[in-house]
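The next block holds one structure in the form of structure tokens; read it before the comments.
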Amino acid sequence: MSLVKTSITIPEDVLQQAKEASDNFSSLVTQALKEYLRKRAVKKAIDSFGAWEEREESSVEIVNKIRADKRGYAKRSH
């Protein structure tokens, strides 16, 4: 994993609280961003739950249609 140096703008009181919570600000921000992204992914999964309930085609029909697509996605060789 490569590291990238970046600059952010945050309220001074938030920065002070972060410094009091951890002596490694970069690690704290990294952990917070990972948690935010994890929660966002979970929310996206929950929000999409049941989205396919009202589809007219079965899952098998959808997969077969994708495999037959001329662009060759999911092409299998036997």
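Which order do you get for 3, 33, 15 if you rank them by accessible area with a 1.4 Å probe, largest at the top?
Working: 3 155, 33 95, 15 55 Å².
In descending accessible area the options line up as 3, 33, 15.
Listed options for semi-axes √(5λ) of the Cα gyration tensor in Å are (1) 45, 18, 10; (2) 31, 12, 9; (3) 27, 12, 8. The value calculated from this structure is the one marked (1). Pairs of lysine residues in the chain that meet both criteria, 8 or more places apart or on different chains and Cα atoms under 24 Å apart, total 7.
Modelled spin labels at residue 58 and residue 32, positioned 7 Å past Cα toward Cβ, are 5.1 nm from each other.
Given only helices, namely DSSP H runs of n ≥ 4 each adding -39500 (n - 2.57), what is the per-residue ellipticity at 222 nm of the chain, to the nearest 500 deg cm²/dmol?
-18500 deg cm²/dmol
Fully extending the segment from residue 12 to residue 44, taken as 0.36 nm per residue of separation minus the present Cα-Cα distance, adds 8.4 nm.
The values are calculated or read from the model by the stated rules, or taken from the named source; none is laboratory data. From a predicted model like this one, the values you see are computed outputs, not experimental measurements. Counting neighbours? That spans all protein chains shown, and the Cβs are built from the backbone with ideal geometry, glycine included. Side chains included, ligands, DNA and RNA excluded: accessible areas come from the protein's heavy atoms. Shrake-Rupley method; radii C 1.70, N 1.55, O 1.52, S 1.80 Å.
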